[in-house]
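A quick write-up on the structure given underneath.
The values are calculated or read from the model by the stated rules, or taken from the named source; none is laboratory data. In this text the structure is predicted, and so the values were computed from the model without any measurement. Cβ atoms come from the backbone with ideal geometry, glycine included; neighbour counts cover every protein chain shown. Side chains included, ligands, DNA and RNA excluded: accessible areas come from the protein's heavy atoms. Shrake-Rupley method; radii C 1.70, N 1.55, O 1.52, S 1.80 Å.
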Amino acid sequence: MAASHVRESRCTYPRVLLLDVCLPGWSAVRTELCEALGNSFTLSAVTARPGELLSIYTVRERHQCLLPLLEVRGNLVRLQRCLSELRSLPVEGLGSVRSRTLSLAILDALQQNKQLMQHNSSGTGVQSCFVEVTVMSTRLGHEIAFELDDGLQEADLTTLRRLLVHHISCDVEDTGSPITSPEPDPDQCSHVCHIEFSSTSGDVLSLESFFKSWLLRRNGEREEVHLILPEEGSELRVICDVHRPLLDPGLLFTPGDQTCATRPVHTPNVGVAQSLRVIRALSSQGVCGSMLYGLPSILTPTACWELDWDQLEANQENFHALCHCLQSQELCLLACSTVRSFSWAPPVLSHVIISPSDSTALLLRPVAVREMVLLMPLTLSHQVTDKALHRAQDALRCLAVDSVYNPLQVTCNLYRHLQVTLSRSPVPGRHTSILPGHSRQVPSGRGKARATIAPLPLVTPILRKRSPVTDDSGPSKMRFLRCDEE
């Protein structure tokens, strides 16, 4: 949307996902979580911006890095290999998270980020010194928080930008207490660092919605639009946050492209303060749908932290009052903003239609103007014969009738299409980790490719040592041995 004020952090913060795979909780959510994560990986591999990094850990008796910090865009094959490792984890037997195992995984992730910063001095294209960590578990949030408090008390968390503990609800008893039991408010507790809490059910749709929001969310990015309405002697200014409910189809992989990594990435206008000036009101029934184009946006009253409480409250009241007036009078707004492509060229006006909704939000859609319209002759209505009318009625009776359109019940086979097309990488074996020492090429044989990566030696140097192993199929290689294998 041209008429938007975007506040965006130029940095791309690496994301780390810590999965609590202790039993019996993991057995209850493994299938649904892996399916949801796979679908989200498929979209992220084509829509993520260059430089967006992801790392995945599992935590049970010990922590294990399944995926070191890796650029998400263009690396679906590597992500799918990691997903295969998740699906192969056992779902039977006994197992519980040892004390401080989650904390060790977080420290390992921070160590990866430290190595990334050190490697950045030689040029990796990633400009960030912070990391975001998300812990997903079927255990209650306050249990995870207490464990993290115990294990991170003496740790240096200066590079930890965000720590989210996400609870997955399921119908099993984990750690001896039912998941559905009332949970104390963890926000009322004191923690070694700021911990955010969220929760979702364990079905595929809920988990997929969480992962898509988490993976596709732009770090530190907000879009803001200022609606300016004329008023006697002054003007009414309403500040709104912009939400995009749909993915841009132009970012998705198409068979005609050589690789998704070569596709241009949409970047909004950063730091350009623009406003939408309302020029007239229209009847809601007077806008032809064929004149609306592009992706819609949803406007809500801003929650910007830069405004004080009184400003936020007054702005929210103005927004709700505007929504009420538009809906009760069945009106929509025609607004425009100024777009400058070049400083030496005359500006162009961008027009939009702003419509009310049943909820406390406004719908914004770009609308065509005279320069864009291709006139066509109007089609006059013709008299319909009884035979044709009866045939059309009979055909319509064969259709199921829904009162509303639910997009969650309609699929287009996009996930499967992207998984197949993106798996045929034009250059096999070139997708490697961003960190030195963690790169692993795709094997050329048909054997199972494992994505498991040992914890960083700088964090847990006592648990690992390297030993040469000779494989019959190739030259001498190095592998990691546990202490109990010696």
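Side notes on the structure shown:
- Spin-label model, L216/N413: points 7 Å from Cα along the beta carbon direction are separated by 2.1 nm.
- Note on exposure: M291, M372, M136 ranked by accessible area (1.4 Å probe, complete protein assembly) read M372, M291, M136, with the most exposed listed first.
- If you sort R397, R139 by accessible surface, 1.4 Å probe, largest first, the order is R397, R139.
- Neighbours of Q311, meaning other residues whose beta-carbon lies under 13 angstrom from its beta-carbon, give a summed charge of -4 when Lys and Arg score +1 and Asp and Glu score -1.
- With Cα atoms defining each centre, region 330-391 and region 23-55 are spaced 38 Å apart in the structure.
- Inter-label distance, nm, simple model (7 Å from Cα along the C-beta direction), H324/Y405: 3.1
- Multiplying the residue separation of I228 and R370 by 0.36 nm and subtracting their alpha-carbon distance yields 48.8 nm.
- Theoretical FRET efficiency, 1/(1+(r/R0)^6), r = Cβ-Cβ of S209 and A392, R0 51 Å, to 0.05: 0.85
- Neighbour cut-off at most 16 other Cβ (10 Å), DSSP loop, GluC sites (Glu not before Pro), region 301-406: E306, E330
- Of R340, R78, R162, R62, the residue with the largest accessible area leads and the full order is R340, R62, R162, R78 (1.4 Å probe).
- For R161, net neighbour charge (Lys/Arg +1, Asp/Glu -1) across residues whose Cβ lies under 13 Å away: 0
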